[in-house]
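*Asks:* So that we are looking at the same thing, I have put the structure below in structure tokens.
Values in this text are rule-based calculations from the coordinates and carry no lab data. In this text, all values refer to a predicted model and were calculated from it rather than measured experimentally. Don't worry about glycine lacking a Cβ; one is built from the backbone with ideal geometry, like all the others, and counts go over all protein chains shown.
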Amino acid sequence: MHMQANAEVRENVAGIARRITPITPLGWLARPLPVWPVERVLDELARRIVRRNPTLFDRLPLTEAARLRLLPLDLPWQIVIRVAQEGVRVSVLDKQTKSPACDASIEGPLERLVASASGDGDGDAMFFAGDIRVTGDTELILAIRNALDDADVDPAGELAAMTGPFAGMARRLGMMADRIYRNASSGLDLVRADITAPIAARVDAQGREVQRLRTEVERLNRRARRGVGETGS
């Protein structure tokens, strides 16, 4: 039981460390800002993707509209996507705001959510590694992801194209930002290791000490029981 508790402590520490990404500070700065500009951009991006792929959701098992909630851990918002045969609608809410009932939720760092949606990453691997957390109708999430994979959707490219004549510059800036993010993420991985490794070692050492004390207490109890038995005889 104690070993299980140690494992849970180590996993909790690792989980907290994974919540911190290179854009976490930007999330802190964005907390007091209004959400409507982000909502307008994401809503137009989603509508643009659907317009360019009119059969995108034809194979989804939808008898009525479905809602998918995205919870980026490193941003102060929640994103609710309403998917229906007639189209898509994106709403952005503060995380403290009560959102409408949703059929499924995906939680994880923004970069992992984007990678999973665009097919750049192995969604199953990210799920089992704890990078993303899925709740609700997993079949719906899988169907949407397969539809996006089949359509070969490029969210970053579509976002750059929305800038019109500045699309080329936007793509170059996006590539530069991606390189900066990946370099910062690699450095952050080293920092996480430097933080979590000593904590894990300390937890393991405490576990060994607790086990030693438990063994010693059991030995003393056995000696005490033998002493009581000899006195009674």
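*Asks:* Two decimals is fine: what's Rg over Rh for the range 34-162, C-alpha atoms, Kirkwood radius as Rh?
*Replies:* 0.92
*Asks:* How would you order 162-175, 57-70 from highest to lowest mean count of nearby Cβ atoms within 10 Å?
*Replies:* Order by mean packing, descending: 57-70, 162-175.
*Asks:* Going by Cα centres, the range 22-42 and the range 74-118 are how many Å apart?
*Replies:* If you average the Cα positions of each part, the centres end up 14 Å apart.
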